[in-house]
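A.B. asks: Supplied in structure tokens, the structure appears directly below.
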Amino acid sequence: PYFEQCLQQFEQAGRLDLVAQFISKLGEVLLQLKEWETLKALAQKSQSLHSEKDFSQQARNFGFLAEVEIEQKNWMKAQQFAMRALHVLDILPPSTLPEEKHRHRAWYLLLLGRSQRHLHQIEAAISSLEAASEDELESNPQVYIEILNELRSIYYYERREYLKAFQLRKVRRSIEQQLGL
């Protein structure tokens, strides 16, 4: 509530630049709290606040919307939002920090893989998730663990490759133990 009040104060003061700067942090909080409807409204509002040149924030808004659609089991819309996020991320200027671009790219690929799995596009889902898992452990271990969980689930339930699923689970548990999760 304090974060929302802060953004409202910035908005009332006419400081839309500050609202645009901090609104994504509120989106991350709402994502953690699983406040889906509020997150959806915030992402839509954020789209109108950011200029067309703020590609990073546009991609994050599409990522938030994809998360909401996944939660509501609207797989096609989730896939479209994840693909839009990846497209916007691909046109980011070279001045953007590579690690930030890479970290968010893995999240969008995870969202894309989840939606593809539920749309029965299994090979595409595996491809998206494997692309997301490349070097993701160092930059964001939580996302990496989610990627491993999703891959394990696909190999176990959809492809019936139990050994591969077991190996992924073993890797995941090892990482969780190393990180104390």
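A.B. asks: To the nearest 0.05, how large is the calculated FRET efficiency for residue 12 and residue 54 if R₀ is 22 Å and r is the Cβ-Cβ distance?
C.D. replies: FRET efficiency, residue 12 to residue 54: 0.50.
A.B. asks: Hey, another quick one. Starting from a Cα-only point model with no solvent, please compute log10 I(q)/I(0) by Debye for the range 58-181 at q = 0.10, 0.17, 0.20 1/Å.
C.D. replies: After summing over all Cα pairs, the log10 values are -0.30, -0.85, -1.11.
A.B. asks: A further question follows. Could you work out how far helix 162-179 tilts from the main Cα principal axis of the chain, as a 0 to 90 degree angle to the nearest 10?
C.D. replies: 50
A.B. asks: For the chain, which span is the longest to avoid every loop-located (per DSSP) member of trypsin sites (Lys or Arg not before Pro) having at most 15 other Cβ atoms inside 10 Å?
C.D. replies: After excluding every exposed loop site, the longest remaining stretch is 74-158.
A.B. asks: Say each of residue 167 and residue 87 gets a label point 7 Å from the Cα, pointing the same way as Cα to Cβ; how far apart are those two points in nm?
C.D. replies: A separation of 3.6 nm, rounded to one decimal place.
A.B. asks: With the crude spin-label approximation of a point 7 Å out along Cα→Cβ, what separation in nm comes out for residue 25 versus residue 2?
C.D. replies: The modelled label-to-label distance comes out at 1.2 nm.
A.B. asks: Picking from 62, 166, 81, which is most flexible by a Gaussian network model of the chain using Cα springs under 10 Å?
C.D. replies: Highest fluctuation among the options: 166.
A.B. asks: Something else: Pull out a ≥ b ≥ c, the square roots of the eigenvalues of the alpha-carbon gyration tensor of the range 1-73, then state rounded if a/c is under 1.5, prolate if not and a/b is larger than b/c, and oblate in the remaining case.
C.D. replies: Taking the square roots of the gyration eigenvalues as a ≥ b ≥ c, the range 1-73 is oblate.
A.B. asks: Let me ask you something else. Whole Å is fine, so just give me how far the alpha carbon centre of the range 114-154 lies from that of the range 163-181.
C.D. replies: 14
A.B. asks: Compute the long axis of helix 16-33 from its Cα atoms, compare it with the longest principal axis of the Cα atoms of the chain, and write down the angle in degrees, 0 to 90, nearest 10.
C.D. replies: The angle comes out near 40 degrees.
A.B. asks: Give the relative contact order (percent, whole number) for the chain; include only Cα pairs under 8 Å separated by 6+ residues.
C.D. replies: 13
A.B. asks: Sticking with this structure for a sec: Pull out a ≥ b ≥ c, the square roots of the eigenvalues of the alpha-carbon gyration tensor of the range 113-181, then state rounded if a/c is under 1.5, prolate if not and a/b is larger than b/c, and oblate in the remaining case.
C.D. replies: Oblate.
A.B. asks: Ok, one more. Before anything else, pin down the relative contact order of the range 1-82: Cα pairs under 8 Å, at least 6 apart, normalised by residue count, whole percent.
C.D. replies: 22
A.B. asks: A follow-up question, please. Per-residue accessible area for residue 76 at 1.4 Å probe radius, Å² rounded to 10?
C.D. replies: For residue 76, solvent-accessible area is about 100 Å².
A.B. asks: Sticking with this one: From the residues 31, 165, 42, which one has its Cα farthest along the dipole of the chain in the positive direction, the dipole being from +1 and -1 charges on Cβ of Lys/Arg and Asp/Glu about the Cα centre?
C.D. replies: 165
A.B. asks: With +1 on each Lys and Arg Cβ and -1 on each Asp and Glu Cβ, and nothing else charged, work out how big the dipole of the chain is about its Cα centre, in Debye to the nearest 20.
C.D. replies: 500
A.B. asks: List the lysines whose Cα sits under 16 Å from the Cα of residue 40, skipping any in the same chain fewer than 8 residues away.
C.D. replies: Reachable lysines: 25, 73, 77.
A.B. asks: Please name whichever of 175, 119, 70 sits farthest to the positive end of the charge dipole of the chain, dipole taken about the Cα centre and charges placed at Cβ: Lys and Arg +1, Asp and Glu -1.
C.D. replies: 119
A.B. asks: Treating the angle as unsigned and between 0 and 90°, give the value, to the nearest 10°, between the Cα long axis of helix 75-90 and the longest Cα principal axis of the chain.
C.D. replies: 70
The values are calculated or read from the model by the stated rules, or taken from the named source; none is laboratory data. All values reported here derive from a predicted model rather than from experimental measurement. Positions of Cβ are generated from backbone atoms using ideal geometry, with glycine treated the same way; all protein chains shown enter the neighbour counts. Note: areas computed on protein heavy atoms with side chains; ligands, DNA, RNA excluded. Shrake-Rupley method; radii C 1.70, N 1.55, O 1.52, S 1.80 Å.
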